[in-house]
């Protein structure tokens, strides 16, 4: 059993080895791009929505509703970012049921990259919402003594995101391999169903946590009560 797709070399390009993590990341990106183009190619008011467009609208509205419950500020750009995270992680996990597919989310390098993107997105959204000075002041709240602790907390969020997603995906793969060795004719169906469910749950949790971290950076500063 291969614990990480990083060790699987698919092919080489100009002497550079392309492992399964990179290859299947490209596959997921291409799949999402092609599907979005096909679904939205007739996106006009005079064209009645088909089932694919209806499904996409349900997903978008669901994500938008979750974001609206978390953040109080503008959510359009946050919808783009959190929605992209959710769709990438969800599709990567759901395609696990296809024989031969190695989910890129089962690689620590992928989950770390996703976590780093959240670490970069948090200050970007914070600066865009509060300005440079206003965002930097959040590291001094409630007192300047908390500066090192707030910085450590910021990086620990990214580490926890990466470890959580990687650990959950890998633990599922290890359990599936053990069960397949015990009863190879019964457990594949059960594990496929559980894999679909846990894949959606992990995508949801990852996107929600990223939204919570970003919303804390863009939250409006509470006004002081005046007598």
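Numbers below:
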{"item": "Set 55, 10: member being in contact with a strand residue (DSSP E or B) (Cβ under 6 Å, 6 or more places away or on another chain) and either within 25 Å of residue 111 (Cβ to Cβ) or part of a helix (DSSP H, G or I) (or both)", "result": "10"}
{"item": "Residues that are outside any helix (DSSP H, G or I) and either farther than 30 Å from residue 125 by Cβ or modelled with pLDDT under 60 (or both), drawn from segment 136-195", "result": "183, 184, 185, 186"}
{"item": "The lone exception for residue 66 - which of (1) farther than 22 Å from residue 203 by Cα; (2) touching a residue at least 60 places away in the same chain (Cβ under 8 Å) it fails", "result": "(1)"}
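The values are calculated or read from the model by the stated rules, or taken from the named source; none is laboratory data. Not measured: the values here are computed from a predicted model. With ideal geometry, Cβ positions are generated from the backbone for all residues, glycine too; neighbour counts draw on all protein chains shown.
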